[in-house]
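*Asks:* Before I ask anything, here is the structure I am working with.
The values are calculated or read from the model by the stated rules, or taken from the named source; none is laboratory data. Everything quoted here is computed from the prediction, not taken from an experiment. Here the Cβ is made from the backbone with ideal geometry for all residues, glycine too, and neighbour counts use every protein chain on show.
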Amino acid sequence: MPADPNAAGLMPLMRLNNREYNNTVRDLLGVQTQPADNFPLDVDDGFLFHRGGQVAALDAGRLQEAAEAIAATANATTLAPCTAGATGTVEETCVRKFISTFGLKAYRRPPVADETTRLVTLFQTGRTTLMLDYAGGIRLLVEAMLQAPAFIYRWELGPSSAILENGVARLGGYEVASRLSYFLWRSMPDQALFDAAAGNQLDTEAQIDAQARRMIADPKARDTVSDFVQEWLNLDQVADRPKDPMIYPQFNDALKAAMTAETTAFVSNVVFDGDSKLDTLLTAKYSFVNQPLAQLYGVTGVTSMTAVNKMLDPTQRSGLLTQSAFLTITGASDGSNPVKRGRKIYERFQCGTLPPPPNNVPPPKPASAGGTTRQRFEEHDQNPCAQACHNIMDPRGFGFEHYDGLGAYRTTDNGLPVNSASSFTIDGVQKNFADAIELSNILASSAEVRGCFVMQLARFALLRADTTADQYSLNTAYSAFANGGNSVKELLVGLAKSRTFRYRAISVGEVQP
């Protein structure tokens, strides 16, 4: 079936996830304390990227505590200037202006009349019943707004009817502004986006193109793209990965931090300072290393804890997949792990789906049984109940056998020579490779991988799985990606302009106001 150019997927109601909350209060009020770090973790519902879930009792309590703490430090004089000693109608005029201006930013849309009325009433109650001064009343409003659904949840439509076109709803200016900002910045819109929304300047692809390119030039976009890569490959879990301290005594906080910093600096450099190509992310022969990481990689001449750009041994390192963060995440606690590494390639780069493993698969033999990791896993793979999945995962994972559980390069394993040659099917063709370097080159030149990368970034942008209603938008985004030489920046712009980003399907049972 051809893709429907008028279709668009659903836009689920989303609570700000923890990173979005921290970024939003930073940009709204200058808060640098990252209060959401004390919240319950973002929901783990099997979706790859971080999403905020429903607000349970514990969440509500933490949100209230955060709102109280943030409001207590808010500068009421700056937020809501008013004539000294003002009372009565003058004071109420000041308060209504504050609700209008601050409310626009907090709710990512202009407050509606009944919201304004309730907030004015709350201020008056604070002044009379709670005996607060003017500044205290303003801080009370800040506290209330930070707990309002309009702030906590991303749904900027407000209580108004959807604008229907060809059976789907066209997002309004404030919705588009918010969707752009939380995609590219993981935070609230800036003043330029608010102005564009108010002036109906986010209605066309050309207008969104211009805003997206402006936003990509902002440093906040660097953080977002690094976050995407970290979540896509689970590299944000490096610090929590268990390793045997007897085998890897160097796996301390300094090395963990260096691993994460390497990926962040490398991705930012390629995407924003380099050619921005997916190919380069997978094949670059340089990276950013400090002393602990240089020691792991066998790089000489690096003695500082500050990372520097260094050319790496091209026979050992080639882009993201040979960096220590990826190899640590996918390694075992006591060595390499072809299953984890091969699975990551299959699921994250080829968008393959594996069935749940059967309950009767025995584990591979331990290192004490003798032989290399590969030899023990190849023996394990002969087990009939292991073949269905392991024949997919392990051949890909064998390419990384030159790397131990932290990503240090090795030529022997358990006293025997390493064998990293293997083959797998990609783009409908069986491909042979000698090691992870050749594997990375195959992935970098694959149309299948490029298509999967488009889907992964779309899922990150939409915070949901893609559906058939998104296919036309994915196709147009892929074209932008390909026409831009597989540029990540061009893909970001292409997704922002896509129909499924600017429209939404009507939900089953949705009632229009």
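*Asks:* How many residues does the range 425-435 contain that are assigned to a loop (DSSP other than H, G, I, E, B) and among the charged types (D, E, K, R)?
*Replies:* Residues flagged as assigned to a loop (DSSP other than H, G, I, E, B) and among the charged types (D, E, K, R) within the range 425-435 amount to 2.
*Asks:* From the list ASP37, ASP4, ASP45, pick out the single residue that is out of contact with any Asp or Glu (no Cβ under 6 Å at 6 or more places or on another chain), surrounded by fewer than 18 Cβ atoms within 10 Å (Cβ to Cβ), free of Cβ contacts under 8 Å to residues at least 40 places away in the same chain and part of a loop (DSSP other than H, G, I, E, B).
*Replies:* The conditions single out ASP45.
Each row is one residue, and each column tells you yes or no for (1) touching a helix residue (DSSP H, G or I) at 6+ places or on another chain (Cβ under 8 Å); (2) within 18 Å of LEU320 (Cβ to Cβ); (3) charged (D, E, K, R); (4) not in a helix (DSSP H, G or I).
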site	(1), (2), (3), (4)
SER423	yes, no, no, yes
ILE437	yes, yes, no, no
LEU457	yes, yes, no, no
ALA465	yes, no, no, yes
TYR472	yes, no, no, no
TYR478	yes, no, no, no
ALA482	yes, no, no, no
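*Asks:* Go through the range 7-32 and give me each residue that's touching a Lys or Arg at 6+ places or on another chain (Cβ under 9 Å), assigned to a loop (DSSP other than H, G, I, E, B) and touching a residue at least 12 places away in the same chain (Cβ under 8 Å).
*Replies:* Scanning the range 7-32 gives ALA7, ALA8, GLY9, LEU10, MET11, PRO12, LEU13, LEU16, ASN17.
*Asks:* Kindly indicate whether ASP275 is assigned to a loop (DSSP other than H, G, I, E, B) and closer than 26 Å to ILE216 by Cα.
*Replies:* yes
*Asks:* Follow-up question, since we're still on this one. Do you know which residues across the range 67-89 are hydrophobic (A, V, I, L, M, F, W, C) and not in a loop (DSSP other than H, G, I, E, B)?
*Replies:* Hits for the range 67-89 are ALA67, ALA69, ILE70, ALA71, ALA72, ALA76, LEU79.
*Asks:* Looking at the range 416-441, I want the residues that are closer than 17 Å to THR373 by Cβ and have a partner that is in a strand (DSSP E or B) with Cβ atoms under 6 Å, at least 6 apart or on another chain. Which pairs are those?
*Replies:* Once the first residue is closer than 17 Å to THR373 by Cβ and sits in the range 416-441, its partners that are in a strand (DSSP E or B) give LEU439/PHE433.
*Asks:* To continue, here is another question. Tell me the residue from SER187, SER181 that is polar (S, T, N, Q), within 21 Å of ALA458 (Cβ to Cβ) and not in a helix (DSSP H, G or I), please.
*Replies:* Just one listed residue meets the conditions, SER187.
*Asks:* Condition first: farther than 17 Å from ILE216 by Cα and crowded, with 16+ Cβ neighbours inside 10 Å. Now tell me which residues in the range 478-500 satisfy that.
*Replies:* Across the range 478-500, the qualifying residues are TYR478, ALA482, ARG499, THR500.
*Asks:* Give the residue, chosen from GLU143, GLU92, GLU165, that is buried (at least 17 other Cβ atoms within 10 Å of the Cβ), on the phi < 0 side of the Ramachandran plot and not aliphatic (A, V, I, L, M).
*Replies:* Criteria check complete, one pass: GLU143.
*Asks:* Select from the range 410-421 the residues that are β-branched (Val, Ile, Thr) and assigned to a loop (DSSP other than H, G, I, E, B) and write down the one among them that is farthest from GLN295 (Cα to Cα).
*Replies:* Here the answer is VAL418.
*Asks:* Another one. Quick one: what pairs do we get from the range 461-489, first residue at positive phi, second surrounded by 19 or more Cβ atoms within 10 Å (Cβ to Cβ) and of a type in the set (D, E, K, R), C-beta under 7 Å, 6+ apart or different chains?
*Replies:* GLY485/LYS277; ASN486/LYS277; ASN486/ASP279; ASN486/ARG450
*Asks:* Another question about this same structure. Would you check if there is a residue in the range 349-360 being assigned to a loop (DSSP other than H, G, I, E, B), touching a strand residue (DSSP E or B) at 6+ places or on another chain (Cβ under 9 Å) and at pLDDT 95 or above?
*Replies:* Yes, some residue in the range 349-360 is assigned to a loop (DSSP other than H, G, I, E, B), touching a strand residue (DSSP E or B) at 6+ places or on another chain (Cβ under 9 Å) and at pLDDT 95 or above.
*Asks:* Answer yes or no: is there a residue in the range 90-112 that is part of a helix (DSSP H, G or I), aromatic (Phe, Trp, Tyr) and within 21 Å of the chain's Cα centre (by Cα).
*Replies:* Scanning the range 90-112 turns up no residue that is part of a helix (DSSP H, G or I), aromatic (Phe, Trp, Tyr) and within 21 Å of the chain's Cα centre (by Cα).
*Asks:* Then there's this: Let me confirm something: among LEU320, LEU312, LEU281, which residue is out of contact with any Pro (no Cβ under 7 Å at 6 or more places or on another chain), buried (at least 18 other Cβ atoms within 10 Å of the Cβ), over 30 Å from ARG376 (Cα atoms) and touching a residue at least 60 places away in the same chain (Cβ under 8 Å)?
*Replies:* LEU281
*Asks:* Also, quick follow-up: I'm trying to understand the selection: among the residues of the range 199-251, which are assigned to a helix (DSSP H, G or I), more than 24 Å from ARG464 (Cα to Cα) and without any contact (Cβ under 8 Å) to a residue 40 or more places away in the chain?
*Replies:* Of everything in the range 199-251, those that are assigned to a helix (DSSP H, G or I), more than 24 Å from ARG464 (Cα to Cα) and without any contact (Cβ under 8 Å) to a residue 40 or more places away in the chain turn out to be ALA206, GLN207, ALA210, ARG214, PRO219, ALA239, ASP240.
*Asks:* Starting from residues that are not basic (Lys, Arg) and not in a helix (DSSP H, G or I), keep the ones in the range 49-65 and report whichever is farthest from the chain's Cα centre (by Cα).
*Replies:* ALA56
*Asks:* Now, a different point. Would you check if there is a residue in the range 129-139 being surrounded by 19 or more Cβ atoms within 10 Å (Cβ to Cβ) and within 30 Å of ARG51 (Cβ to Cβ)?
*Replies:* Checked against the condition, which is being surrounded by 19 or more Cβ atoms within 10 Å (Cβ to Cβ) and within 30 Å of ARG51 (Cβ to Cβ), the range 129-139 yields no hits at all.
*Asks:* Inside the range 463-477, can you point out the residues that are crowded, with 24+ Cβ neighbours inside 10 Å and farther than 23 Å from THR280 by Cα?
*Replies:* Within the range 463-477, ASP470, SER473 qualify.
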